[in-house]
Amino acid sequence: MKITAGESTLMFDEKINTIYLAGSMRLANMREYEVVKKFIRQAYDKTENVLIIDFRKLIFLNSSGITTISMFILAVKKLNKAKINILGSKKVSWQEKSLKNFNKLWNEVKIEIE
Amino acid sequence: MKTEIIGDFDLIPKSLPAEGTIHLDLKPIDLMTYWRRCGLTSNFIANFYKLTPKDIKNENSVSTVFNELIENATKYSTKRDSEIVVDLKLYDIQLLMQVKNTCNKTNYSVLKKRLEKLQNTEDLENLYIEEMIKKGDSGQGSGIGLLLLLKDYQSKIGAKFEERKDGLYDITIQVYYFMEEEELI
């Protein structure tokens, strides 16, 4: 499963329950982020234990994107089905600074910054 | 005509010479039509101000911070005969990012209220959680950009609101971002 959103791509490897995000995700508004929201939710619904979201190659994510991911975390927290693991990179400073926010919304979200 | 100032505005005296300046005049209609120009402008500025060729941390942060400002100015400007005026000045490790645009009374009120709330909130982490929960229930738009700049980037933010004769408002936002010095190699 793979889609393009603006200058970014999202790919879901069902075998290892991992979403890979790459490029620059700076869509104009929440309406444009619907496609991203839908993609991540579909991947979550196909996952039984832990969904891994790999942000390491996502160079930029604007605040509408952070809101989209935040709202996804809150929605699946209510379901409490699969857990979420988030991978980030120290080399990409937005990840070091802002990925930790997702754990504050649901303490079952694990954040690994390498 | 009324002028109001909120937050950390004009922290550095204008008489102090900056070490690196950029001035850009942009049109919100162009940026709205070709949205990627917001990101392109942000990336150019970030590349210009990084401290060394390998300074990818400051480059990513400056681009992210400035992008929030230019996206906001684009979304909330009046569209016709309107301008976005960008001024950047570097003072040692402090980068002043200033973006001026013109908006209607509704957008002026929303932004003023937002900045007042951010200035008067001590626990920004808690505000982020509260606002996300509220948005999750209502499904409404983003609006957390300035909060993230204060919270995650330890920026200082100020604004000047100037009422115009035509009923519109000139809004000048200033963000002071501190470059991370450990990147100096």
Can you give the average number of partner chain beta-carbon atoms within 10 Å of each beta-carbon in peptide A:57-67, as a whole number? 6
With an 8 Å cut-off on Cα pairs and a minimum separation of 6 or more residues, tell me the relative contact order of segment B:81-178 in percent. 37 percent
Amide H of B:Ile84 versus every other amide H placed in the peptide plane: which residues, excluding those fewer than 5 positions away on the same chain, fall under 5 Å? B:Leu26, B:Lys27
Which FRET efficiency, nearest 0.05, do B:Asp10 and A:Met1 yield, Cβ-Cβ r, R0 51 Å? 0.50
Return the whole-Å distance between the Cα centroid of segment A:6-37 and the Cα centroid of segment A:50-88. 10 Å
Approximate spin-label separation B:Lys117-B:Thr3, in nm, with each point projected 7 Å along Cα-to-Cβ: 2.8 nm
With both bridge residues required to lie in segment A:2-113, what share of the DSSP beta bridges run antiparallel, to the nearest 5%? 40 percent
Percentage relative contact order, chain B, counting C-alpha pairs under 8 Å, at least six apart: 33 percent
Hey, can you rank B:83-96, B:122-135, A:57-70 by average C-beta count inside 10 Å, highest first? A:57-70, B:83-96, B:122-135
Determine the relative contact order of chain A: mean sequence separation of Cα pairs under 8 Å and six or more apart, normalised by residue count, in whole percent. 23 percent
In deg cm²/dmol, rounded to 500, what helix-only [θ] at 222 nm does the protein assembly as shown give when every DSSP H run of at least 4 residues adds -39500 (n - 2.57) and the total is split over its residues? -12500 deg cm²/dmol
Here FRET efficiency (C-beta to C-beta, A:Ile16 to B:Ile133, R₀ 45 Å, nearest 0.05) is 0.90
Counting only other chains, what is the mean number of Cβ atoms within 10 angstrom of the Cβ of each residue in peptide B:56-65? 5
Gyration tensor on Cα atoms of segment B:59-185, a ≥ b ≥ c root eigenvalues, a/c under 1.5 rounded, else prolate if a/b beats b/c, else oblate, says oblate
I need the shape label for segment B:53-129. Rule: rounded when a/c is under 1.5, else prolate if a/b > b/c, else oblate, with a, b, c from the alpha carbon gyration tensor. oblate
Taking a ≥ b ≥ c as the square roots of the eigenvalues of the Cα gyration tensor of segment B:1-117, is the shape rounded (a/c under 1.5), prolate (a/b larger than b/c) or oblate? oblate
Ordering A:Trp106, B:Trp35 by the accessible surface of their heavy atoms, 1.4 Å probe, largest first, yields B:Trp35, A:Trp106
Could you pull out every residue, at least 5 positions away or on a different chain, whose amide H is within less than 5 Å of the one on A:Ile113? Hs are placed 1.01 Å off N in the peptide plane, and Pro or chain starts have none. A:Gly88
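Using the structure shown, select from B:Lys112/B:Lys151; A:Lys81/B:Lys156; A:Lys104/B:Lys2 the pairs with a Cα to Cα distance greater than 29 angstrom.
On the way: B:Lys112/B:Lys151 19 Å; A:Lys81/B:Lys156 40 Å; A:Lys104/B:Lys2 41 Å.
Violating the 29 Å limit, Cα to Cα: A:Lys81/B:Lys156; A:Lys104/B:Lys2.
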Ordering B:167-178, B:11-22, A:44-55 by per-residue average of other C-beta atoms within 10 angstrom, highest first, gives B:167-178, A:44-55, B:11-22
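The values are calculated or read from the model by the stated rules, or taken from the named source; none is laboratory data. Values in this document were obtained by computation on a predicted structure and should not be read as measured data. Don't worry about glycine lacking a Cβ; one is built from the backbone with ideal geometry, like all the others, and counts go over all protein chains shown. Quick note on the areas: whole protein, heavy atoms, side chains included, nothing else; ligands and nucleic acids left out. Shrake-Rupley method; radii C 1.70, N 1.55, O 1.52, S 1.80 Å.
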